[in-house]
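Reading through the structure tokens given below for one structure.
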Amino acid sequence: MTDTPERKPNTTRSAPVGSVDLRAFADDGTAYEIWPCDHCLPWHAEVVQVEGEILVREWHAVDCPEFQELVED
């Protein structure tokens with residue numbers, strides 16, 4: 001066992017951020033609801049069009065557990 005303290009994730013407003021593109025609509029055309037992230041302060045979202053498809057681009061702190069889960073897929 002080491003005496004090194006476990007590094008805490010940086011999810012403050014000044015944390016480095018990363019983005020993930022998510023579908024804006026279900027297959028039946030129903031829009032997905034967007035809720036702010038409870039885990040990081042720099043979270044924000046924007047609507048983008050990529051190759052004719054409308055997407056929601058979510059920005060999270062790179063240490064955010066929600067972001068880590070999204071990019072694992």
If you check Asp27 against the conditions, is it within 21 Å of Asp73 (Cβ to Cβ), without any contact (Cβ under 8 Å) to a residue 24 or more places away in the chain and of a type in the set (D, E, K, R)? yes
Reported set for the stretch 34-52 where residues are without any contact (Cβ under 8 Å) to a residue 12 or more places away in the chain and over 30 Å from Lys8 (Cβ atoms) is Gln49, Glu51, Gly52
Over the stretch 13-43, the set of residues at pLDDT below 95 and of a type in the set (Val, Ile, Thr) is Ile34
Residue tally, condition of a type in the set (Gly, Ala, Ser), assigned to a loop (DSSP other than H, G, I, E, B) and surrounded by 11 or more Cβ atoms within 10 Å (Cβ to Cβ), over the stretch 29-73: 0
Filter the stretch 17-28 down to the residues that are open to solvent by less than 80 Å² (accessible area, probe 1.4 Å) and in a loop (DSSP other than H, G, I, E, B), then identify the one that is farthest from Val71 (Cα to Cα). Ala26
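The values are calculated or read from the model by the stated rules, or taken from the named source; none is laboratory data. Everything numeric in this text was worked out from a predicted model, so none of it was measured. Quick reminder, even Gly has a Cβ in these numbers, built from the backbone with ideal geometry, and neighbours come from all protein chains shown. Just the protein is used for accessible areas: all its heavy atoms, side chains included, with ligands, DNA and RNA removed. Shrake-Rupley method; radii C 1.70, N 1.55, O 1.52, S 1.80 Å.
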